[in-house]
Amino acid sequence: MIKTAIITGGGSGFGREAALKLAEKRTKLSIVDLSKENGEETVRLCKEHGVEAIFVQADVSKVEDVQRYVAETIAEFGRVDLFFNNAGISGSGVRTLDCSIEEFHSIVDVNLNGAFYGLKFVVNEMLKTGGGVIVNTASLGGVVGMPTLGAYSATKHAIIGLTKTIAGEYGRDNIRINAIAPGTNETPMVKAFPQEAIGAMAEEVPMGRLGQPHEVGDVVAFLLGEESSYIHGAVISIDGGAAAL
């Protein structure tokens, strides 16, 4: 059976890389992103693999937008089998208690509330068709403290808590769920930093380099696939050993 996947934050970074990996596996794709331009580009790239794909513009912090991206996916494909619950934001990089109340709420709204809404409405659809597989995006900041990104780190710790709890609650309903904890990757945002800053970040990683987004996409595709059928409730670090320090 050809499976259907929803990917939030699918317009760039880990979301796009995971989408392309799933397209290689002939998966039907519903790409969700706030950016219409980026989301539609991911759809175009996926269609080059000969798969069906749609774009749904949505703000995951708004419950009505989450309900809509799920409803539009069901209307187009009839079911949801796979869910990469990935959309997130990082924040301005100030010390935790210097973070404004407005920014704190914004980060929580996207990273935690948005992920919860997705789980709530996607799992409900999966239960109707016999189950499914979910990957939540946590972070290195979800397993260690991350100075100057306190609100972000707090939400990513919460994602791990949600993942483990839902694993315990829904495993017997054939809902399999895991989280990934990526470290710093050479995303377009990071590549825009001064070269000396990039070098300094790489020096802090035991492997001596930053990650590549496709390395995260590979792991997501694995966790969503049958090859990982007995991995459940796990947090997979993809950080070059940074969490081991």
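Considering each residue of region 146-166, count those that are touching a helix residue (DSSP H, G or I) at 6+ places or on another chain (Cβ under 7 Å) and outside any loop (DSSP other than H, G, I, E, B), and give that number.
Filtering region 146-166 for residues touching a helix residue (DSSP H, G or I) at 6+ places or on another chain (Cβ under 7 Å) gives 146, 149-153, 155-160, 162, 166.
From what is left, the residues that are outside any loop (DSSP other than H, G, I, E, B) are 150-153, 155-160, 162, 166.
The qualifying residues number 12.
Here are L97, L29, L112, L45: which of them is under 23 Å from V235 (Cα atoms) and either in contact with an Asp or Glu (Cβ under 9 Å, 6 or more places away or on another chain) or hydrophobic (A, V, I, L, M, F, W, C) (or both)?
Numbers: L97 fails: under 23 Å from V235 (Cα atoms); L29 fails: under 23 Å from V235 (Cα atoms); L45 fails: under 23 Å from V235 (Cα atoms).
Answer to the check: L112.
Can you name the condition, by its number, that I74 falls short on among (1) over 18 Å from the mean Cα position of the chain (by Cα); (2) farther than 24 Å from N113 by Cα; (3) of a type in the set (V, I, T)?
(2)
Run down V80, V32 and say which single residue is surrounded by 24 or more Cβ atoms within 10 Å (Cβ to Cβ), under 20 Å from I180 (Cα atoms) and β-branched (V, I, T). Lay out the reasoning, then the answer.
Numbers: V80 fails: under 20 Å from I180 (Cα atoms).
Only one candidate passes the filter, namely V32.
Right, S237: hydroxyl-bearing (S, T, Y), surrounded by 15 or more Cβ atoms within 10 Å (Cβ to Cβ), farther than 18 Å from I7 by Cβ and without any contact (Cβ under 8 Å) to a residue 24 or more places away in the chain or not? Quick ask: steps written out before the conclusion?
Numbers: hydroxyl-bearing (S, T, Y): yes; surrounded by 15 or more Cβ atoms within 10 Å (Cβ to Cβ): yes; farther than 18 Å from I7 by Cβ: yes; without any contact (Cβ under 8 Å) to a residue 24 or more places away in the chain: no.
Criteria not met by S237.
For region 1-44, what are the residues that are without any contact (Cβ under 8 Å) to a residue 40 or more places away in the chain, basic (K, R) and in a loop (DSSP other than H, G, I, E, B)?
The answer is R26, and nothing else.
If you go through region 167-175 one residue at a time, do you hit one that is assigned to a helix (DSSP H, G or I), modelled with pLDDT of 95 or more, touching a strand residue (DSSP E or B) at 6+ places or on another chain (Cβ under 8 Å) and surrounded by 13 or more Cβ atoms within 10 Å (Cβ to Cβ)?
Applying the first criterion (assigned to a helix (DSSP H, G or I)) to region 167-175 yields 167-173.
Going one step further and asking which of them are modelled with pLDDT of 95 or more, we end up with 167-173.
Next cut, touching a strand residue (DSSP E or B) at 6+ places or on another chain (Cβ under 8 Å) only: 167, 170.
With surrounded by 13 or more Cβ atoms within 10 Å (Cβ to Cβ) added as a condition, the list becomes 167, 170.
The answer is yes, given that some residue of region 167-175 is assigned to a helix (DSSP H, G or I), modelled with pLDDT of 95 or more, touching a strand residue (DSSP E or B) at 6+ places or on another chain (Cβ under 8 Å) and surrounded by 13 or more Cβ atoms within 10 Å (Cβ to Cβ).
Identify the single condition in (1) among the aromatic types (F, W, Y); (2) surrounded by 12 or more Cβ atoms within 10 Å (Cβ to Cβ); (3) more than 20 Å from G13 (Cβ to Cβ) that F222 does not satisfy, given that it satisfies every other one.
Failing condition for F222: (3).
If you check Y230 against the conditions, is it without any contact (Cβ under 8 Å) to a residue 40 or more places away in the chain, more than 24 Å from C46 (Cα to Cα) and of a type in the set (S, T, Y)? Please lay out each step first, then the result.
Working: without any contact (Cβ under 8 Å) to a residue 40 or more places away in the chain: yes; more than 24 Å from C46 (Cα to Cα): yes; of a type in the set (S, T, Y): yes.
Judged against the criteria, Y230 is a match.
Could you list, ordered by first residue, the pairs with Cβ atoms under 8 Å in which the first is in region 82-99 and over 9 Å from G9 (Cα atoms) and the second is polar (S, T, N, Q) and part of a helix (DSSP H, G or I), at least 6 apart or interchain?
I89/S106; I89/N111
The values are calculated or read from the model by the stated rules, or taken from the named source; none is laboratory data. It should be emphasised that the depicted structure is a prediction, and the values quoted were computed from it without experimental measurement. Cβ coordinates were reconstructed from backbone atoms using ideal geometry, including for glycine residues, and neighbour counts include every protein chain displayed.
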